[in-house]
Amino acid sequence: MKVLSIETSCDETAVSILDAQGGYENMTFTILGNALYSQAQKHAQYGGVYPTLAKREHAANLTVLLESALKEASFYTKEKQDISKEQREFIEVTLEREPGLALTVLQLLENIEKPDVDAIAVTQGPGLEPALWVGINFARALAYYWNLPILPVNHLEGHIIASSVELSPDNQNRYTVRETVFPVLGLIISGGHTEFVYAEKWGDYKIVGGTRDDSIGEAFDKVARLLGIPYPGGPELSRLAEEGRRTLLTRPAHLAKDMATLPRPMINTGDLDFSFSGLKTAVLYYVQEKGELTEMQKKLLCTEFEEAVVDVLLKKFATALQEYQTQTLLLGGGVSANTYIRKRITNTYTKEGVSVFLPAEGLSTDNAVMIGMAGYLMHLRDHKPKTAQDELKANGNMKLDR
Ligand code: KG4
Ligand code: ZN
């Protein structure tokens, strides 16, 4: 089955086309077309994602991305279409809050043949509601005109499947599901989420823990901001931390006076919950106390920050494994791109015979490929798809364990 998928939950606008085949045990996903635009640079001046800007950017870019994904898939065949008055009205009403988008999508629909796809998957939540709405309304307009079913996807299930597949060695465009996924203990760490999930099969998720305040990604981005690194600061913070770590190895005694000591919030609570706002505040106090930081102090602060995060994650994983006894750990979401977190968790658990699943190449941060994959999961579990006429609402707080 060919799935067209749309992701607009945060600051990435993405459209992809997948050919999804097989059952739960042998799913394969071939990317036919994939287009993504990251708005991160545009949000940098606000120090984080600014919802109104995100919404506007999604609306401005969706049609271009769709066109590009269709071309890549060779589904872009020029042919003049007759759009009836009724169809035009439906699309205009559906996209009335995004007038520019109605215009560009109508222009596209007027000029090309219906592509060879069977369903449209779109992120329904969780995420920023104004941003989610743009993707949903866009999906509804297309679904209506091309008469296709809609698969409303939970973004977090997208992150879970992105870590449950691997790139085929013989085909750089094909992902296959890993052999033994379940039971699995997963931790989604991203800009918007810090969520512990236990699952025994696809579609059956139990949330067993999460953050009480900031997400891990937010902590990375806020600490980075305190150090003058523009949004999203996670990757740059991580680079500085690595430099600090390397220097520490060679000159530990010499650097002792420049070391920060940060708390490990909630490390000993014995539950699976997290709190990261205190960690960020501790960094703030440290920066205030020191005044201007030297480059070395900055690097060592980043190192200590990553150490604190990893210490907490490892302790919580240990607690979770005691309780749930799975042979598989899964890490998903943007922060799982972090090299140090990946390394420490993989090293610790492979020694203990537990497999650690990380996002497949290219699928760590938000993308539409994982949304198409999650849409296919919905199809497999015989979820009754929606039509363009059905009510479909963005759900900023959508839960995995509905
Ligand atoms: O999954 P994602 O793209 O978006 C959400 O669903 O929220 O995650 C984005 C987050 C940002 O906070 C970004 O700073 C963080 O992932 N991130 C990283 C790294 N790469 C991305 N954090 C730490 N180290 C990284 N290498
Ligand atoms: Zn995400």
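Overview of results
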quantity	calculated
Cα gyration tensor, the chain - rounded (a/c under 1.5), prolate or oblate	prolate
Nearest-ten-degree value, helix 129-146 long axis tilted from longest Cα axis of the chain	30
Charge dipole (the range 179-357, unit charges on Cβ, about Cα centre) - positive-most of 350, 194, 322	350
Cut-off 14 Å between beta-carbons: net charge of the residues surrounding residue 320, Lys and Arg +1, Asp and Glu -1	-2
Cut-off under 5 Å, modelled amide H: who pairs with residue 210 long-range	196, 273, 274
Given charges at beta-carbon only (K, R positive; D, E negative), |dipole| of the range 240-335 in Debye	200
Cross-link partners of residue 257 among lysines (Cα-Cα below 28 Å; sequence separation of 8 or more within a chain)	222, 280, 290, 298, 299, 315, 343
Computed E for residue 42/residue 86 - FRET, C-beta separation, R0 56 angstrom, nearest 0.05	0.95
Cα gyration tensor, the range 6-61 - rounded (a/c under 1.5), prolate or oblate	prolate
Whole-Hz ³J(HN,Hα) from phi, Karplus 6.51 cos²θ - 1.76 cosθ + 1.60, for the range 308-313, glycine and proline x	4, 4, 5, 4, 5, 4
Cβ-placed point charges (K, R +1; D, E -1), dipole of the chain about Cα centre in debye, nearest 20	760
Solvent-accessible area per residue for the range 266-312 (1.4 angstrom probe, square angstrom)	41
Restricting the range 49-122 to trypsin sites (Lys or Arg not before Pro) in coil, as DSSP defines it, with at most 16 other Cβ within 10 Å	80, 97
Extension reserve of the residue 281-residue 93 stretch, reckoned as 0.36 nm per residue once the Cα distance is removed	63.1 nm
Dipole axis of the chain (+1 Lys, Arg; -1 Asp, Glu on Cβ), positive-most option in 261, 232, 35	261
Proximal aspartates and glutamates to residue 393, defined as alpha-carbon separation beneath 17 angstrom and excluding residues fewer than eight positions away on the same chain	7, 96, 98, 129
Amide proton proximity set for residue 121, modelled H, under 5 Å, gap of 5+	4, 5, 6, 151
Long pairs among 71/114; 85/114; 114/386; 2/399, criterion Cα-Cα beyond 23 Å	2/399
Under 13 Å, Cβ to Cβ, from residue 374 - net charge with Lys/Arg +1 and Asp/Glu -1	-2
Shape call, the range 179-357: gyration tensor on alpha carbons, a/c limit 1.5	prolate
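The values are calculated or read from the model by the stated rules, or taken from the named source; none is laboratory data. Here the structure is a predicted model, which is why all the values come from computation and not from measurement. Cβ atoms come from the backbone with ideal geometry, glycine included; neighbour counts cover every protein chain shown. To get the accessible areas, we keep the full protein, side chains included, count just its heavy atoms, and leave off ligands, DNA and RNA. Shrake-Rupley method; radii C 1.70, N 1.55, O 1.52, S 1.80 Å.
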